[in-house]
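Notes follow the structure.
The values are calculated or read from the model by the stated rules, or taken from the named source; none is laboratory data. Keep in mind the model is a prediction, meaning the values are calculated, not measured. Every residue, glycine among them, receives a Cβ derived from its backbone with ideal geometry; neighbour counts consider all protein chains shown. Just the protein is used for accessible areas: all its heavy atoms, side chains included, with ligands, DNA and RNA removed. Shrake-Rupley method; radii C 1.70, N 1.55, O 1.52, S 1.80 Å.
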Amino acid sequence: MTLSVIMLALVLTGAIAWWAERHWQGSAKWLSLLGLTLLATVFAVFITSANHDFAQLQVLTRVMWIATFNIEYSIAIDQLSILLIALTWLLAIICVLISWREIKHKVGFYYFNLLLTVAGIIGVFIAVDLFLFFFFWEVMLLPMTAIIAIWGHENRRFAALKFFIFTQVSSLLMLVAIIGFAYFHLLQTGLLSFYYLDWRALPMPLAMSQYLMLGFFIAFAVKLPSVPVHTWLPDAHTQAPTAGSVLLAGVLLKTGAYGLIRFVIFLFPEASVQFAPVAATLAVVSILYGAKMAFAQQDFKRLIAYSSISHMGFVMLALFAFNSMAYQGAIVTMVAHGLSSAALFCLAGMIYQRIHSRSLIAMGGFWRSAPRMGGFTLAFACAAFGLPGLGNFIGEFLILVGVFQVQAEFAIVAALALVASAVYGMVLFQGSFQGPAKCEVIDLQRREVAICSALLLLLLLLGCYPTLLLKFSFGG
Amino acid sequence: MSAITSQPDALFSLTMAQAILPQLIIAFGIVLGLLLVAWRRTQQIIVCFTALVLVLALIANISLYGTSTTQVTQLLLVDANSSFALSLVLISALVALRMSYRFLKAHIEVHDEYYLLLLLVVFAAGILVTSDHFASLFLGFELLSISLVGLVGYQRESQYSVESGFKYLILSAAASSFMLLGMAFIYSVSGDMSFNANLSNAIYHQQGLGLFFQLGLLLLLSGIVFKLSLAPFHFWTPDVYQGAPTPVTLLMATVSKLAMFVVLVKCFVAQRYLLLENVQLFLISFAIISMLLGNVMALRQQNLKRLLAYSSVAHMGYLLIILIVTSEQSLAFSWQSILFYLAAYTLANLSIFMVIALLQQYSSDAPYQEDILLTDLQGLFWRAPSYGLLMILALLSLAGIPLTMGFIGKFYILSHATIAHAWWLIAILIFASAIALAYYLPIIFKILTAKANDPQHMPLKKQHLIEQALVYALVVISLFFGILPEFVNQFIHS
């Protein structure tokens with residue numbers, strides 16, 4: 001109940017912010033910030049006051065929604081979804097802060113879309129009726145597309161269109177798989193059901209589950225993204241406004257990973273094991289290809305986008321290793337990548353605001369005029385290539401160790417990417433902050449320092465004290 | 001009631017009259033309307049009168065819900081499905097009426113005949129959705145064609161009116177003669193014109209007769225398919241959609257499509273034509289060609305009405321999938337799905353054409369703008385928020401994105417296809433939807449983005465209160481039924 005109210009309140013806050021902006025300029029951002037903080041607090045209180053440890057799925061609400069198909073509005077949470085929702089709250093607040101000065105036109109509508117996206121994302125993480133899940137999956141997509149298409153950079157329409165079509169087509173495949181599963185349930189039990197827990201209890205012949213799993217896998221692989229369906233990502237990340245990129249890289253990619261865990265692996269355990277070699281190969285290719293492409297980029301944001309492909313490849317590799325250590329690593333990587341890539345995109349946005357360019361050629365020597373910004377960039381670039389002491393290192397280390405025990409050859413090849421990531425990390429940092437000074441930039445302002453240091457602190461915490469996450473099992 | 005029980009074999013009883021009360025009201029209204037025109041020619045009176053007739057018919061029709069299926073003579077069969085379809089027809093006609101009034105008011109002449117033709121279209125649709133006999137099918141079909149021809153060419157001063165009127169006249173005359181020939185062939189084999197005639201299985205398999213029968217079926221099908229503008233019988237659609245006055249296009253897109261599809265399903269289900277492999281083959285090829293061609297052709301259109309014409313081709317293709325995969329056991333479910341999809345499609349089309357009609361009236365300084373191009377939609381969401389929102393919702397519904405009825409409609413289609421394991425059709429449907437997104441989304445982006453120093457960027461002229469209310473009502477209805485589709489299902493069930 002509380003969660004439904006929170007989602008509804010998000011939409012309402014968005015609407016109020018939109019309305020208020022018309023009458024009092026500058027009120028939308030304050031309202032959004034206030035609303036998000038407040039609701040995040042409510043969520044935190046709700047979770048801490050509950051007397052579960054959420055190791056298993058806790059069903060919170062089940063209400064009949066579309067009786068014709070026996071579709072329910074049913075939501076549930078466990079540790080995995082709580083963690084991802086917490087990440088969502090954090091990044092949503094950062095999104096509001098980062099858009100503070102950047103968004104200049106149609107401000108009210110912007111914050112409405114932002115909050116709607118957040119509501120959709122939370123819905124994705126808590127829905128346990130597959131139809132409802134699909135519903136939220138699409139609802140989070142619409143405002144995100146609008147954010148890219150309206151407030152993005154020069155080539156925004158094309159990027160938004162590509163993003164939407166890729167996601168939509170793959171999710172239609174998932175919809176067919178969902179329907180197929182539901183009607184299989186009808187055949188077996190005489191009851192049409194879209195309810196996740198019903199599905200988990202249903203034994204399914206391998207031949208059939210292979211096909212159904214493929215439908216889900218494609219949808220999540222597009223979102224993750226994995227080679228060869230990754231091409232929407234560099235465009236969408238590059239063209240989106242800063243907050244859009246942050247949300248995309250920080251949370252939307254994680255919905256793909258979440259889907260893989262929650263639906264592909266748990267609903268189709270046998271079929272996933274069978275499919276693991278293919279998935280792992282795709283993952284390794286993504287890791288290497290993303291890293292290779294990253295250091296060939298001249299565009300600051302495009303470089304980070306390709307590095308995301310590489311990092312999410314690690315997550316997929318870990319998930320299909322079926323090893324608890326790799327699984328823990330995947331969780332840590334998801335969080336750490338969410339923080340570090342969000343931070344890098346924030347920095348890209350800050351630089352863009354100062355020099356109105358994303359090209360590394362136009363940058364250089366910023367260290368002299370903006371040492372604070374340089375320090376943060378260095379720190380986050382190091383996080384991205386896995387410097388010990390920061391969160392990403394823990395994640396990648398656990399993944400590689402875990403995968404090595406199961407499929408050593410994949411781990412060996414994937415480890416090569418660690419070298420490559422150091423290369424592109426350095427390309428990024430040296431290209432922008434070292435060398436002869438191309439122009440003077442203003443150093444970070446107080447708001448920007450707050451954003452960066454918050455993210456850096458969390459990464460440090462995760463890197464130095466990973467037990468914070470590792471003590472939970474996350475359903476693994 | 002006692003009269004009926006004592007005379008069960010009466011040719012025409014009171015229950016029957018009650019069952020076709022909506023049609024009777026409309027027919028009576030047409031006659032009265034003729035007299036009214038002879039008595040006094042004023043726009044106001046005839047509009048109010050037409051609206052009254054439609055509302056009365058709607059009330060009569062709604063009161064029919066829950067009554068059992070009634071066979072009215074051999075010609076008509078009134079059941080829950082036809083009642084629901086008729087309600088949709090009447091609601092669309094009411095919206096069309098309001099838009100027509102605006103549209104005709106912009107002209108100096110008095111146009112009373114227009115409203116009679118409009119009532120005739122509704123009457124024809126009323127016959128079609130209830131027809132249970134080839135004779136009534138043909139009657140309805142012809143009545144629909146003839147009155148629509150009159151409406152399509154109504155706007156004499158428009159540059160397109162003659163072209164589109166003639167195109168529609170000649171092609172639909174050809175289609176109906178094909179259909180008549182087809183009926184004759186079928187009759188020559190089966191010897192019965194009723195839909196629910198008991199055809200012996202022999203007909204399907206007998207060598208010589210079978211061929212004749214199948215030829216007849218193909219001709220019959222081509223007539224209906226022409227009206228549904230399924231590819232490859234769609235060539236008239238873009239030109240006529242563009243050339244006709246927008247309220248008439250609205251009628252064609254909703255009333256005519258809806259009624260024809262319902263009668264197609266009635267006919268084919270009752271006669272079990274779907275058992276024939278050749279018919280299946282034809283339907284599948286129509287569906288596939290329509291889905292792909294309609295969407296591909298829509299991609300490059302700049303004129304909004306032409307674009308919608310091609311998208312309607314694709315949509316009828318999607319809908320045909322349900323008919324193709326339906327089986328005896330899933331008949332009730334098929335009906336429900338088809339009616340739901342038609343309702344979603346009608347609502348979306350009503351919304352879009354209404355916005356087009358309003359833009360034609362209000363967007364420029366000229367009293368009336370003939371063509372609405374995609375560029376005219378630039379920044380609509382900021383110039384006129386309610387129009388923009390309605391348009392976006394309708395486009396999302398056509399594209400089948402959640403929060404709208406169109407998504408549930410697509411869900412129905414995918415469910416049917418999945419149950420029937422029609423994987424190829426699903427693959428093509430998904431591929432076609434992807435193409436469709438490539439033209440729906442840019443329109444939505446256009447609506448959402450305004451150019452700052454554009455002369456177009458000015459608020460619309462002042463609009464009438466009723467239109468505003470209609471726009472808001474449609475926005476609320478689309479959202480409400482999109483999120484809670486169960487309410488529509490309740491109507492269909494009863």
Practice item. Take the alpha carbon atoms of region B:368-424, find their center, do the same for region A:143-203, and report the distance between the two centers in whole angstrom. Key: 17
Review point. Under DSSP H, which helices of chain A have Cα atoms covering 24 Å or more of the helix axis and a Kyte-Doolittle average no less than 0.5?
Key: A:2-23, A:27-49, A:79-98, A:107-126, A:156-189, A:206-223, A:269-294, A:300-319, A:324-355, A:408-433, A:446-464
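Applying a 10 Å radius around every beta-carbon, put A:183-196, A:322-335, A:3-16 in order of their mean neighbour count, most first.
Listed from highest to lowest mean packing, they are A:322-335, A:3-16, A:183-196.
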Review point. Ranked from highest to lowest mean number of other Cβ atoms within 10 Å per residue, what is the order of the peptides B:65-71, B:307-313?
Key: B:307-313, B:65-71
Check your understanding: Which links in A:Lys106/B:Lys305; A:Lys106/A:Lys254; B:Lys257/B:Lys305; A:Lys223/A:Lys254; A:Lys223/A:Lys292 stretch past 18 Å when you go from one Cα to the other?
Key -> A:Lys106/B:Lys305; A:Lys106/A:Lys254; A:Lys223/A:Lys292
Revision key, fill the gap. Counting other chain Cβ atoms within 10 Å of each Cβ in A:173-183 and taking the mean gives 4
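Charges at C-beta only: +1 for Lys and Arg, -1 for Asp and Glu. How large is the resulting dipole of chain B about its Cα centre, in Debye rounded to 20?
Here chain B has a charge dipole of around 800 debye.
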**Study point:** Backbone HN-Hα couplings from phi across region B:245-254 [Karplus 6.51/-1.76/1.60, Hz, Gly and Pro as x]
**Key:** x, 4, x, 6, 4, 4, 4, 5, 6, 9
Check your understanding: How long are the three semi-axes of the equivalent ellipsoid for region B:106-145, computed from the Cα gyration tensor as the root of 5 times each eigenvalue, in whole Å, largest first?
Key -> 28, 8, 5
Exercise for review: Sort largest first and round to whole Å: the equivalent ellipsoid semi-axes of region B:100-194, each the square root of five times a Cα gyration tensor eigenvalue.
Suggested key: 32, 16, 6
Exercise for review: Considering Cα pairs under 8 angstrom that are at least six residues apart, work out the relative contact order of region B:276-494 and quote it in whole percent.
Suggested key: 27
Exercise for review: Tell me which residues come under 5 Å, amide H to amide H, from A:Leu444 once H is placed; ignore anything under 5 positions away on its chain.
Suggested key: A:Arg372, A:Met373
**Study point:** Gap separating the Cα centres of region A:1-34 and region A:408-475, nearest whole Å
**Key:** 32
Study note, to complete from the structure: Hydrophobic long helices for chain B, i.e. whole DSSP H runs reaching 24 angstrom or more by Cα along the axis with Kyte-Doolittle mean at least 0.5, come out as B:21-39, B:43-63, B:80-105, B:112-130, B:134-152, B:161-190, B:207-228, B:277-299, B:304-325, B:331-362, B:423-448, B:465-483
Study note, to complete from the structure: Share of accessible surface on carbon and sulfur in region A:324-456, whole %, 1.4 Å probe and ligands ignored, is 69
Check your understanding: Can you tell me the Rg and the Dmax, both Å, for the Cα atoms in chain A?
Key -> 21.4, 73
Exercise for review: Note down the nm distance, to one decimal, between modelled labels 7 Å out along Cα→Cβ at A:Leu186 and at B:Leu35.
Suggested key: 5.3
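Find the relative contact order for region B:215-349 and round it to a whole percent, using C-alpha pairs within less than 8 Å whose residues are 6+ positions apart.
Across region B:215-349, relative contact order equals 31 percent.
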Check your understanding: Tally Lys and Arg at +1 and Asp and Glu at -1 over the other residues with C-beta under 15 Å from the C-beta of B:Val129: what net charge comes out?
Key -> +1
Revision key, fill the gap. So, for the Cα atoms of region A:249-382, Rg and Dmax in Å stand at 17.2, 57
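For region A:112-233, report the accessible area per residue in Å² (1.4 Å probe, heavy atoms, rounded to an integer).
I get 26 Å² per residue for this part.
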Practice item. As a check on your grasp of the helix formula, calculate [θ] at 222 nm for the protein assembly as shown: sum -39500 (n - 2.57) over DSSP H runs of n ≥ 4, divide by the residue count, round to the nearest 500. Key: -24500 deg cm²/dmol
**Study point:** Under 15 Å, Cβ to Cβ, from B:Ser92 - net charge with Lys/Arg +1 and Asp/Glu -1
**Key:** +2
Review point. Dividing the convex hull volume of the Cα atoms of the protein assembly as shown by its residue count, what figure in Å³ per residue is obtained?
Key: 174
Check your understanding: Which is farthest toward the positive dipole end of region B:276-494 among B:Ile430, B:Val488, B:Tyr368, measuring Cα position about the Cα centre, with Cβ charges +1 (Lys, Arg) and -1 (Asp, Glu)?
Key -> B:Tyr368
Review point. Over all directions, what mean area does the Cα convex hull of region A:277-476 project, stated in square nanometres?
Key: 10.3
**Study point:** 10 Å Cβ neighbours from other chains, averaged over peptide B:407-414
**Key:** 3
Practice item. Towards the positive end of the charge dipole of the protein assembly as shown, with charges on Cβ (+1 Lys, Arg; -1 Asp, Glu), say which of A:Ala240, B:Phe213, A:Leu10 has the farthest Cα. Key: A:Ala240
Review point. Long-range amide H contacts for A:Tyr73: which residues qualify at under 5 Å (H placed 1.01 Å from N, peptide plane, sequence gap of 5 or more or a different chain)?
Key: A:Val63, A:Met64, A:Trp65
**Study point:** Contact order relative to length of region A:353-413, as percent, for alpha carbon pairs under 8 angstrom and 6 or more apart
**Key:** 13
Practice item. Work through the residues other than A:Ala414 whose Cβ is under 15 Å from its Cβ and net out their charges, Lys, Arg +1 and Asp, Glu -1. Key: -1
Study note, to complete from the structure: In region A:107-147, accessible area falls by at least 30 Å² from chain alone to full assembly (1.4 Å probe) for A:Phe109, A:Phe131, A:Phe135, A:Glu138, A:Leu142
Revision key, fill the gap. Kirkwood Rh for chain B from C-alpha pairs, in Å, is 23.0
Check your understanding: Quick one: which of B:34-44, B:82-92 comes out on top by average Cβ neighbours within 10 Å, and what's the full order, highest first?
Key -> B:82-92, B:34-44
Check your understanding: What residues qualify as long-range amide H neighbours of B:Leu76, i.e. H under 5 Å apart, gap of 5 or more or another chain, H built at 1.01 Å from N?
Key -> B:Asp132
Exercise for review: Using a 10 Å cut-off on Cβ to Cβ distances, tally the other chain neighbours for every residue of A:64-70 and report the average as a whole number.
Suggested key: 5
Revision key, fill the gap. Buried accessible surface, A vs B, both sides, probe 1.4 Å, in Å² to 100, equals 3100
